[in-house]
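Worksheet: one structure, shown below.
The values are calculated or read from the model by the stated rules, or taken from the named source; none is laboratory data. Quantities reported herein were computed from a predicted structural model and do not represent experimental measurements. Cβ placement follows ideal geometry from the backbone for every residue including glycine, while neighbour counts extend to all protein chains displayed. The area values use the complete protein model at the heavy-atom level, side chains included, leaving out ligands, DNA and RNA. Shrake-Rupley method; radii C 1.70, N 1.55, O 1.52, S 1.80 Å.
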Amino acid sequence: KKIHMSLRDKHNNKIRFGDEHRYDVLFHEWGHLMDNQWKKKTSKYMKFKGRDVGTKLSTKSKLCASLEEDMNNWMDNYAKTKFPGRKAPQTLLKNKFNEFLNDNEKHTIAIQDGIRGITGGDIRTRWGHDLKYYKRNVAGKLTEKDSVHLEVSSELFAEVSAGMMHEDTRQFLETNFPNLTKEYNNMVDTMLKQYL
């Protein structure tokens with residue numbers, strides 16, 4: 001139930017998009033803190049697919065599935081536009097989606113970690129954990145897919161929380177990743193109802 005980070009500039013200025021992004025790392029970690037403490041009274045563990053895992057709001061969320069749906073919709077729309085009536089090569093679609101993420105990096109930092117996890121590194125993003133991170137819950141407890149779901153959902157909640165601090169990023173995510181932002185907003189509403 002703690003977050004650990006440094007407030008020194010050299011750790012917080014990793015993101016090169018100006019002073020308004022100076023404390024994005026702090027808001028990311030704060031997102032993890034909210035995710036871990038969203039209920040007034042909560043136990044340390046909860047059931048997920050019949051197994052005990054650490055209690056988090058994001059655990060049973062649809063964040064991971066929502067992002068995957070948005071990613072697939074983006075690639076389907078690109079294919080219909082550029083290859084009408086034909087089948088588009090999957091490798092090309094993934095490369096184009098990766099270009100889209102990189103061209104809009106200021107806004108897509110909030111989801112690049114999740115994309116890396118969902119695709120098992122098949123879409124190589126500039127931001128995110130190494131691939132072992134997403135599978136760290138497998139060790140006899142969960143399947144690889146379940147572990148990815150847990151880690152990606154947790155990181156998405158934290159990153160989107162940081163991204164929502166910026167109006168232009170919020171609008172970008174709502175336009176291009178509507179399912180993800182809808183699920184995120186539902187989670188925030190759930191948290192607020194616990195305290196209001």
Simple Cβ-charge dipole of the chain, Lys/Arg +1 and Asp/Glu -1, about Cα centre, in debye nearest 20: 820 debye
What is the helix-to-structure angle for 24-36, meaning the angle in degrees between its Cα long axis and the longest Cα principal axis of the chain, kept from 0 to 90 and rounded to the nearest 10? 60 degrees
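Local charge sum around D113 (other residues, Cβ-Cβ under 12 Å, Lys/Arg +1, Asp/Glu -1)?
Its environment carries a net charge of -2.
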Stokes-Einstein D for the chain (10 °C, 1.306 mPa s, Kirkwood Rh from Cα pairs), in µm²/s, comes to 90 µm²/s
Folded to 0 to 90 degrees: helix 178-195 orientation relative to the chain principal axis, Cα: 10 degrees
Please enumerate, by chain and number, the aspartates and glutamates with C-alpha under 13 Å from the C-alpha of K60, excluding those fewer than 8 residues away in the same chain. D35, D52, D146, E151, E183
What percent do you get for the relative contact order of segment 131-186 when only Cα pairs under 8 Å and 6+ apart count? 22 percent
Please state the relative contact order of the chain as a whole percent: Cα pairs under 8 Å, 6+ residues apart? 28 percent
Please quote Rg/Rh for segment 116-173 to two decimal places, taking the Kirkwood radius as Rh and restricting both calculations to Cα atoms. 1.05
Note down the magnitude of the dipole of segment 71-112 about its Cα centre, charges +1 on Lys and Arg C-beta and -1 on Asp and Glu C-beta and zero elsewhere, to the nearest 20 debye. 260 debye
Given the whole protein assembly as supplied and a 1.4 Å probe, what does the accessible area of H166 come to in Å², nearest 10? 20 Å²
Inter-centroid distance (Cα atoms) of segment 60-76 relative to segment 88-106, Å: 15 Å
Size descriptor, Kirkwood hydrodynamic radius, that averages inverse alpha-carbon separations across segment 90-136, Å: 10.7 Å
Quick check of the Kirkwood formula: for segment 58-142, what is the inverse mean of 1/r over all pairs of different Cα atoms, in Å? 14.0 Å
Quickly estimate the mean residue ellipticity at 222 nm for the chain, helices only: each DSSP H run with n ≥ 4 gives -39500 (n - 2.57), and the total goes over all residues, rounded to 500. -19000 deg cm²/dmol
Relative contact order (percent, whole number), segment 31-103, Cα cutoff 8 Å, 6+ residue spacing: 20 percent
Could you state the orientation-averaged shadow area of the convex hull built on the Cα atoms of segment 82-196, in nm² to one decimal? 9.2 nm²
